[in-house]
Amino acid sequence: MFIANSFIFFLIKFILFYFIFFFLGRGLLLCISKFKNVDDLKVSGFNVYIFYSSIGIVLFGNYLFLLNFFQPINSPLIFLIGIFLIPNIVVFPIWRMFKKSLRNFPLYFILLIPSYDLAYHYDSGLYHLQFQALIRESNLIQGISNIYGPLGIGSIYDYISAALWFDTTYVLLQFLNITFLILFYEFLLNLLFTKNNKALNNAGLAILAFSLLDNFGMNGGRNGFLYIQSLGKQDMTIAILYFITAILIFINIKKQSLNIFEILIPTIFALFIWELKVSGVTIFLIYLVFLYQLITKKLLTKSTKIVLFSNFIAGIFWTLKTTLQTGCLIYPLEISCIDRISWFDPDYTNTTLRSAQMYSVAYDFNSSLGDWFREFLEYQINGVILVNFIFSLFIINFLFFKKKDSSHEKNINYLLTLITFNILFFFYYSPHLRYFVATQLIIIFVVGYKRVPRFNVKPKIIYILVLFSVISIVRINSYKSFDMFSHPIHPIPVPELLRFEDRFLPKEGDQCWADTRCSANYNSYKIDTSGFFKVVKIKN
């Protein structure tokens, strides 16, 4: 009883969680390699095993959304994904690899501490948890966005999270974010210590400096670096994968030969970014350049073509899922909607779009930029992050680094173009700085890549600084809340409801949390359960 309610049990849960996905990811790569051991492979200079757990999560998420066409997510069929664990028995892990992958693992136990004082993100109560509850109860629901508009933007993260509700402490939801934070720091360590590429080492130092400067500046810091996000939200995961995918593609574009995983990993990450949030679609700007290079350089083998085709099919089914759920290829973008679908309601879809635009303070490129910027700064945190980012950029660019190293300039234009496009997209789509983290990381990467450090930092000092970076990403209040003799628990709040027709409205605000009987939509709708798919229609 004592152990079950302690940090030790919590830690054991996380270790099991992490390594189940670790071996799922490894199992997939073994299948692709036709059961040849892959543990010693390098992917663009990075150890392949740092990607195993993330690949496992990508595999699980795509399996779940495909399964949900036919079955609810609480179906026992979700365990069929365990088939991908079997190749690990056929081709046992190389002990040397396993030892290396465990070397830094205890450091990341620090990332569990915020679980003791995390609250749910507002959007979790607004639509994430309700979407998860709905797909746990039912297979795909046509017109789910007619129940409540934001349900139409359900993420692949919601499919994965919905499968993790069996643990009623709901800590597994945070384990997803922690797994991707571990990927980021492992990627950073590989950047810092990769051999025969000083420019990448320098870029790693710039990112490390950026993470440390996050603790200094206006209002005590926060410069746009990664942070521990509220429970149930995926923005930092998108930032991490976007940054890593862009850098992997940048490295690979200039190479004359690639192994299959140097093509596979950026491909599945690009798809997953889009599935996480539609705003991540800009990653395809650089991915399509990468694909063009693969074709023109004739680097596509039969195996890589199968890999690309498989991901293309997954993308088609994701688009089909979105269309069936919302009536739009890209919800709630009006131009992508199909009016001929019987349950599609253009008026309610437009209401959802306008609501999102009002909330995001998007710039329409017709009004005064000065007026928009003043409105943008009305949110104090925007001004704090912007000032601190400029401060950090100045220090890294001029104090920590010196003159331009022209030998590395010729290939950087791909990233500069991506940065420029993302800035314009940020203005128009959704100028919340949590959506800009990946672009800020890429900007800092470019600064480090193009310049050389003023100081020669010894490897031991670098490790210590990485340790401090991990420690400092956890808020002081989280350390104060930590209790070695308790297990964190995150019960889903139960909203107060008001009767409305044959369903309920939230008594206050617009959060229904996980109550599937509730909707903040004041339009009347009906749910037809007579067919294979439930169909939701707005009553006119």
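The values are calculated or read from the model by the stated rules, or taken from the named source; none is laboratory data. Keep in mind the model is a prediction, meaning the values are calculated, not measured. Cβ coordinates were reconstructed from backbone atoms using ideal geometry, including for glycine residues, and neighbour counts include every protein chain displayed.
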Residues of the range 499-531 classified as at pLDDT below 95, aromatic (Phe, Trp, Tyr) and assigned to a loop (DSSP other than H, G, I, E, B), total: 1
Single condition Val470 does not satisfy, out of (1) at pLDDT 95 or above; (2) surrounded by fewer than 18 Cβ atoms within 10 Å (Cβ to Cβ): (2)
Pair list, Cβ under 9 Å, 6 or more apart: the range 433-453 residue touching a residue at least 40 places away in the same chain (Cβ under 8 Å), other residue among the polar types (S, T, N, Q) and in a loop (DSSP other than H, G, I, E, B): Arg434/Gln229; Gln440/Asn223
Enumeration of residues in the range 321-346 that are touching a residue at least 24 places away in the same chain (Cβ under 8 Å) and surrounded by fewer than 14 Cβ atoms within 10 Å (Cβ to Cβ): Ser342
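Pick out the one residue from Phe309, Phe344 that is in a helix (DSSP H, G or I) and not charged (D, E, K, R). Steps first, answer last, please.
Details: Phe344 fails: in a helix (DSSP H, G or I).
One residue alone meets the criteria, Phe309.
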Test: residue in the range 269-289 that is in contact (Cβ under 8 Å) with a residue 12 or more places away in the chain and more than 21 Å from the chain's Cα centre (by Cα): yes
Residue within the range 185-195 that is modelled with pLDDT under 95, in a helix (DSSP H, G or I) and aliphatic (A, V, I, L, M) present: no
Criterion: farther than 30 Å from Ala162 by Cβ and among the basic types (Lys, Arg) - qualifying residue of Lys480, Lys507: Lys480
Extreme residue, surrounded by the fewest Cβ atoms within 10 Å (Cβ to Cβ), among residues of the range 477-524 that are among the hydrophobic types (A, V, I, L, M, F, W, C), over 30 Å from Asn5 (Cβ atoms) and touching a residue at least 24 places away in the same chain (Cβ under 8 Å): Ala520
Candidates Tyr122, Tyr170, Tyr148, filtered to the one that is aromatic (Phe, Trp, Tyr), surrounded by 22 or more Cβ atoms within 10 Å (Cβ to Cβ) and in contact (Cβ under 8 Å) with a residue 12 or more places away in the chain: Tyr148
Leading residue by the ranking (modelled with the lowest pLDDT) among those in the range 75-103 that are surrounded by 14 or more Cβ atoms within 10 Å (Cβ to Cβ) and in a loop (DSSP other than H, G, I, E, B): Ile94
Hits in the range 196-237 - residues which are at positive phi and part of a loop (DSSP other than H, G, I, E, B): Asn196, Gly217, Gly221, Arg222, Gly224, Gly232
Residue in the range 372-387 that is under 19 Å from Gly149 (Cα atoms), in contact with a Leu (Cβ under 8 Å, 6 or more places away or on another chain) and among the aliphatic types (A, V, I, L, M) present: no
Exclusive hit being at pLDDT below 95, more than 24 Å from Lys277 (Cβ to Cβ) and surrounded by fewer than 22 Cβ atoms within 10 Å (Cβ to Cβ), set Phe19, Phe35: Phe35
Filtered residues of the range 1-41 (kept if more than 20 Å from Leu176 (Cα to Cα), outside any loop (DSSP other than H, G, I, E, B) and without any contact (Cβ under 8 Å) to a residue 40 or more places away in the chain): Ile3
Lone qualifier among Leu294, Leu264, Leu258, Leu271 - being outside any helix (DSSP H, G or I) and either of a type in the set (Lys, Arg) or in contact with a helix residue (DSSP H, G or I) (Cβ under 9 Å, 6 or more places away or on another chain) (or both): Leu258
